[in-house]
Amino acid sequence: MNKFQYSSPKNTPKSSEELIEDLQLVAKNLNTEKLSQKLYTEHGKYDCSTFIRHFGTWNKALLKAGLKLSNIINYSDEELFENILNIWQKKGAQPTRRDLNTVDSEISSGSYRRRFISWTNAIKEFIEYTNSKEISPIKNRITQISVNNNRDPSLRLRFQVLKRDNFSCVKCGASPAKDQYIVLNIDHIKPWSKGGLTEISNLQTLCQDCNLGKSNIE
Ligand SMILES: [Zn+2]
């Protein structure tokens, strides 16, 4: 017969140091520098979510422990740039390499280093990309499809609109740099559903509240 047992949740660490020590121990025992959450769950003492609570992300915990990132993904340029745009928006100014750690960044600085050698280069490439001309999608499609048929503005266009509007809502001035809970939307001045074009002169930056207010009126 099975004994009735109290099953305790995984151990609770006393400090961040204990978490790091266990990461290092498991990596050493398994003789690997690349420790995935799955591997750690099988062999570690604590819950993976505890690491995320303490360090923000699993990868940040690995870095703290001096281990290699477990899931090295080759991000596309578009993904790397998208992340720069997000940080830029949250900060309201050109991000520095340090912002990758202090502002929520989905991608670690290592991925930028691998692709662009330095952070300065990454920013330069980003700016060059957003300043470059929109590549007409018509080239790759049937000619009947109009270029302006796209409702969602491209990353390039979104950055240009946000930059022109100083990364703030044009109606009330709210910005994520001043208040982290503010979310900015790119809004069609003349609604897309009424034939408004997805081009810079018909786009504006609105915070979620002002954007909701606008769609309620219409
Ligand atoms: Zn607003």
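The table below lists the values:
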quantity	calculated
Extreme residue, farthest from the chain's Cα centre (by Cα), among residues of region 172-182 that are exposed (fewer than 14 other Cβ atoms within 10 Å of the Cβ) and either within 12 Å of the ligand (Cβ to nearest atom) or not aromatic (F, W, Y) (or both)	C172
Selection within region 183-218 - in a loop (DSSP other than H, G, I, E, B) and within 14 Å of the ligand (Cβ to nearest atom)	V183
Unmet requirement for N11, which otherwise passes all of (1) under 22 Å from F126 (Cβ atoms); (2) loosely packed, with under 14 Cβ neighbours inside 10 Å; (3) not basic (K, R)	(1)
Y46 vs. criteria touching a Ser or Thr at 6+ places or on another chain (Cβ under 7 Å), of a type outside the set (S, T, N, Q) and not in a helix (DSSP H, G or I)	no
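Throughout, read-outs are computed from the coordinates displayed, never taken from laboratory work. Please read all numbers here as calculations on a predicted model, not as lab measurements. Positions of Cβ are backbone-derived with ideal geometry, glycine not excepted, and every protein chain shown enters the neighbour counts.
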